[in-house]
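J.: Dumping the structure here so I can ask a few things about it.
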Amino acid sequence: MDKKNIDWSNLGFSYEVTDKRFVSNYQNGAWDEGILTEDATVRITECAGVLQYAQTCFEGLKAYTTEDGRTVCFRPDLNAVRMKDTCERLKMPVFPVDRFVEAVKGVVRANEAYVPPYGSGATLYIRPYMFGSSAVIGVSPADEYQFRIFCTPVGPYFKGGAKPITIRVCDYDRAAPRGTGHIKAGLNYAMSLYQIVDAHEQGFDENMYLDAGSRTYVEETGGANFIFITKDGRLVTPKSGSILPSITRRSLMVVAEKYLGMEVEHRPVRFDEVSEFAECGLCGTAAVISPVGAIDDHGKKICFPSGMEEMGPVTKKLYDTLTGIQMGRIEAPEGWIVEI
Ligand code: PLP
Ligand code: COI
């Protein structure tokens, strides 16, 4: 397979149109069989549910070229199940889990020339999404939906790659208790745009959100879960009903325990214990593991001992093991790696 002539090593996290995408329509209570199309444009009524009441959700996963030249993706079944949970919460029809995985494979296969080569530092980001496509004017779910999957080659989510970032404690909330923080609804991201633009203008890379109820506990950032490493080498990661259940975070919990013999704690994490941790990182499909060097709390800085130059040693081990599994250098737990 000839790869596209792309400067893989200098890709940022941005959209580039690729050859084919999957499209399936939901009408009269059923999904059609779907097609792969070259048409990257969506055509819908001006009154579509997605345009009026933001009835839309999405997923994100990646495909990789392994060391021995296979094309694989990482745990697509978990994205399918999470999208099912999201759809149920948003009164959208579920796209069946097995069909989701097949469609992901079909899209990667159809765009194999865009899967970055092994060792390039880039990956193929896959974006499944669904939206209400029929007209809705009273507040209610749409009758018709479109499910699509496109893909685009990407580099690191944060400029500077593995260099530690600085984040700030955000005064706005991301998700309410009993709201939609635990699902991947587009609306969660729309309402974070003001805060992320402001964070960037103030010189910060991301926002740390606290729990909206008491502003006592750490939740997550706009696009990733937190991991913390204690001074005695345990992995601590926040638990809350309004955090998105990150597939990367759930995988890292297994990697830490089963591959690195670490103790893992998944529990509410008070903001006032954060300064006690030795290392901090953001984890997610886009972020992979992005080390956090410092957290600004209204001018008061929490600086982690791991510093601003490189990843802390435990974070690095987690990063190397996870990416080793994804790139086929380390044997994966059963079912984690799906060959295209
Ligand atoms: N938290 C939020 C709010 C996200 O948008 C994402 C990205 O998907 C994550 C966490 C990380 O989840 P995952 O590891 O499944 O990509
Ligand atoms: C992902 O990591 O896949 C996400 O959806 C996060 C988003 C901020 C890019």
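The values are calculated or read from the model by the stated rules, or taken from the named source; none is laboratory data. Predicted model only: the values in this text are computed from it and were never measured. So basically every Cβ, Gly included, is an ideal-geometry build from the backbone, and we count neighbours across all protein chains shown. Side chains are part of the model used for accessible areas, which takes the heavy atoms of the whole protein and leaves out ligands, DNA and RNA. Shrake-Rupley method; radii C 1.70, N 1.55, O 1.52, S 1.80 Å.
J.: Length gain on complete extension for the stretch residue 88 to residue 323, per 0.36 nm per residue less the alpha carbon to alpha carbon distance?
T.: 81.4 nm
J.: For the chain, calculate the relative contact order in percent as a whole number, restricting contacts to Cα pairs under 8 Å that are 6 or more residues apart.
T.: 19
J.: Let me ask something else about it. Among 99, 249, 168, whose mean-square fluctuation peaks in a Gaussian network model of the chain (Cα, cutoff 10 Å)?
T.: 99
J.: Next question, about the same structure. Which whole-Hz ³J(HN,Hα) couplings does region 269-280 yield from phi under the Karplus relation 6.51 cos²θ - 1.76 cosθ + 1.60, θ = phi - 60°, glycine and proline marked x?
T.: 10, 6, 4, 6, 9, 4, 5, 7, 6, 8, 9, 9
J.: Please find the FRET efficiency linking residue 81 to residue 200, where r is the Cβ-Cβ separation and R0 is fixed at 30 Å, and quote it to the nearest 0.05.
T.: Calculated value: 0.35.
J.: For region 8-156, compute Rg over Rh where Rg is the Cα radius of gyration and Rh is the Kirkwood radius from the inverse mean 1/r over Cα pairs.
T.: 1.00
J.: Let me ask something else about it. Any chance you could look up the accessible area of residue 39 with a 1.4 Å probe, heavy atoms only, rounded to 10 Å²?
T.: Using a 1.4 Å probe on the heavy atoms, I get roughly 90 Å².
J.: Give me the distance between the Cα centres of region 121-161 and region 261-313, rounded to whole Å.
T.: 29
J.: Using DSSP H assignments, which helices in the chain have an axial alpha-carbon span of 18 Å or above and a mean Kyte-Doolittle hydropathy of 0.0 or higher?
T.: Span-like helices in the chain: 97-110.
J.: A follow-up question, please. Which percent of the accessible area of the chain is formed by carbon and sulfur heavy atoms (probe 1.4 angstrom)?
T.: 49
J.: Which of 93, 76, 305 moves the most in a Gaussian network model of the chain with Cα springs under 10 Å?
T.: Comparing 93, 76, 305 in the GNM, the peak value goes to 305.
J.: Okay, next question. Shape verdict for the chain, please, from the Cα gyration tensor: rounded (a/c under 1.5), prolate (a/b greater than b/c) or oblate.
T.: Since a/c reaches 1.5 but b/c is at least a/b, the shape of the chain is classed as oblate.
J.: Right, something else. In nm, what is the difference between 0.36 nm times the number of residues separating residue 17 and residue 297 and their Cα-Cα distance?
T.: That pair, residue 17 and residue 297, stretches by 96.9 nm at full extension.
J.: Hey, what D do you get for region 214-325 in µm²/s if you plug the Kirkwood alpha-carbon radius into Stokes-Einstein at 4 °C and 1.567 mPa s?
T.: 93
J.: Using the Cα centre of region 8-156 as the reference point, and only Cβ charges (+1 on K/R, -1 on D/E), how large is the resulting charge dipole? Debye, rounded to the nearest 20.
T.: 280
J.: Using 7 Å Cα-to-Cβ label points, what is the residue 308/residue 68 separation (nm, one decimal)?
T.: Taking the simple label geometry, residue 308 and residue 68 are separated by 4.4 nm.
J.: For the cross-link pairs 84/258; 258/301; 231/316; 84/317; 4/105; 62/105, which exceed 22 Å when the distance is taken from alpha carbon to alpha carbon?
T.: 84/258; 258/301; 84/317
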